[in-house]
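Here is the structure we will look at.
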Amino acid sequence: MAERAVDMAAAPLGAAAARPTFWARRRSRELGLIWLFLLPSLVIFLLYRIIPLVWNVVLSLEFWSPYRPARFAGLYQYQNMLFYDDAFWKVVGNTLIFMASAPIGIVLALGVALLVNQQIKGRGVYRTIVFMSYPVMTVAVGIIWQWLYNEKVGLINYVLISLGITNRGIPFLESFQWALPAVILASLWQVIGFYMIILLTGLQSIPPNLYEAASIDGASAGQSFWRITVPLLKPSLFLCFVVGIINSFNAFDLIFVMTGGGPGHATDLLVTYIYSTAFKLGHFDYAAAMTVANFVLFVGLAFVANRLAGGEAGAVKRRA
Amino acid sequence: MDRRRPHKRGHWPVHLALALISALMLVPFYWVLKTSLTGENIFAYPPSLLPHDPNPFYFVDVWYAIPFLRYLINSVIVSIMVVVANVFLNAMAGYALTRDFPGKGATIMLFLSCMMIPFQVTIIPAYLITAKLHLLNSYFGMALPLMSTIICIFIFKAAFEAIPHSLVEAARIDGVPDWQIMFRLIMPLTKPAIATNVILSFIWSWNSFLWPLVVVRDVNMQTLPLGLSRFLSVVEDTTGALYAFCVMVLVPGLLIFLLAQKEFIKGLTSGATKG
């Protein structure tokens, strides 16, 4: 405050004699303000994104626990991870299966988006209902679904038995065979609305005269879907896929509540395995190595998906 | 004949398909609501599809059996901190990014690349950093990582850029200081961006589970999701109280979403497409 008062007093004096200094000072004050405005956000992202990323790499090259001083470990943790930990590969496999379920959800969501995109009454209501599961607390979603999957009185088993598909309840979440698909279904239920919204936005940005021109040229509905809709939706499809990959990180809440990673490691994903390795067993160094692997996997898949989408999505991103 | 059909045909097949999909999406909500009102008896097979003798007993039960109010207050405090910080910090950063300054390109690149780092991947060092800052078991520690959101910074940036430049210039010529231009002139003109940011950050902090799970050990500091998962581990999953608790946790989030879904969806999609 005092500083400003001095500035105010000095400005009129200097203004007549040396205009450039006035503007220079004003400019530098402005720059200071700009950085002041950016500072809090920058500090937060530095503290909770950039530094952790680097620290993870450092930690993964050490022997470290909260009670021991750090020692350089070289690639010991990575060796351990790649060659001696069977659970790690099981968990990577589960994570990949989980990510591979994203395209199924995206195709379903595309179907819903095409339906909702028609000029029909009440489409806003349908859209709201399909999307409603997305903003819901994931922990609650987990509890709801483990209840639906209940062996004795769960709704899903009741329906299956009533339809004669099985004659006794299946303990979905305790079964090695069914636990992962069961969790994936719950996760799809939650995320499908988000896919739909992204695809709907994409559909609505396709100029309608393209379809008119195609139908005048005698294109069938199928042809205009594959030749117009799908190519123009590529960036949206790519985005959905990235959301799907990220969703395998968010699945932590769901898995923690529904199965705790079990039975065995049947539903353990990288996130849940990393969590239990670090915060239950206290092996922070090893968990850090797996985190690095997880991040590499994520970036690699996003890169490949971007390539498949023709790189357009990247262009959209960079423009902002 | 294929071409003639779309125009005059009734829409009932579309409605039928959408009604079916909606029903499937709503079943889990219905089922948890039903159980919260009636409970379930594992020996009474088959489960009744309609609520049989509904009563609010389990809701009362939850209120007395667990420190619901404590969880609620904790959740509300953390969410308020996150929402307020988000609006101010993101608006400030977004405004700064509309101006020209050396290092602007690098800053934007930094933000965009931060967006490619999922928070879950930073969890171990983030925990260690929070411990070093002596913020474990504190509201501030729970709120801090969520206090600024890159998507919302860019939403603010876009909103600021849409404001006519002449207006700002006029104010500046009149000698209005920058911070007053910000809060008196620009903030009121960016209400939609603010609304979007409030809703997004509220939902994110309200639902946040992994981070509080890591930084909070003290039972008195637990938020609703932590309380919910704790409750699940101590009660039989057949009791109606668990689902009553679920319903009580779901209602605020759903209400806010239903009241402000336009802003919510707009924020998510613009964030998703614009980076």
Output for Cβ contacts, cut-off 7 Å, separation at least six or different chains, first residue more than 14 Å from chain A (Cβ to nearest Cβ) in the stretch B:162-181, second among the β-branched types (Val, Ile, Thr), reads B:163/B:186; B:171/B:181
Got a sec? Which helices (runs of 4 or more DSSP H) wholly within the stretch B:1-112 have at least 2 residues that are modelled with pLDDT under 85?
B:5-8, B:12-38, B:57-65
Being more than 9 Å from every other protein chain (Cβ to nearest Cβ) and either closer than 26 Å to residue A:308 by Cβ or touching a His at 6+ places or on another chain (Cβ under 9 Å) (or both) narrows it down to one residue among A:173, A:160, A:96; which is it?
A:96
Wholly within the stretch B:173-250, helices (runs of 4 or more DSSP H) carrying at least 2 residues that are crowded, with 23+ Cβ neighbours inside 10 Å and of a type outside the set (Phe, Trp, Tyr):
B:191-207, B:224-234
Residue ID - surrounded by the most Cβ atoms within 10 Å (Cβ to Cβ), chosen from residues in the stretch A:50-93 that are in a helix (DSSP H, G or I) and either in contact with a Gly (Cβ under 6 Å, 6 or more places away or on another chain) or among the aromatic types (Phe, Trp, Tyr) (or both):
A:88
Yes/no for residue A:297 being surrounded by fewer than 23 Cβ atoms within 10 Å (Cβ to Cβ), closer than 16 Å to residue A:98 by Cα, touching a residue at least 24 places away in the same chain (Cβ under 8 Å) and within 12 Å of another protein chain (Cβ to nearest Cβ):
yes
Residue ID - nearest to residue A:114 (Cα to Cα), chosen from residues in the stretch A:199-214 that are among the aliphatic types (A, V, I, L, M), in contact with a Leu (Cβ under 9 Å, 6 or more places away or on another chain) and free of Cβ contacts under 8 Å to residues at least 60 places away in the same chain:
A:206
Does residue B:47 qualify as being more than 9 Å from chain A (Cβ to nearest Cβ), without any contact (Cβ under 8 Å) to a residue 24 or more places away in the chain, more than 21 Å from residue B:256 (Cα to Cα) and not aliphatic (A, V, I, L, M)?
no
Can you spot a residue in the stretch B:128-149 that is of a type in the set (Val, Ile, Thr) and under 20 Å from the mean Cα position of the chain (by Cα)?
yes
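The values are calculated or read from the model by the stated rules, or taken from the named source; none is laboratory data. Just so it is clear, the model here is predicted, and its values are computed rather than measured. In this analysis, Cβ positions are derived from the backbone assuming ideal geometry, glycine residues included, and neighbour counts consider all displayed protein chains.
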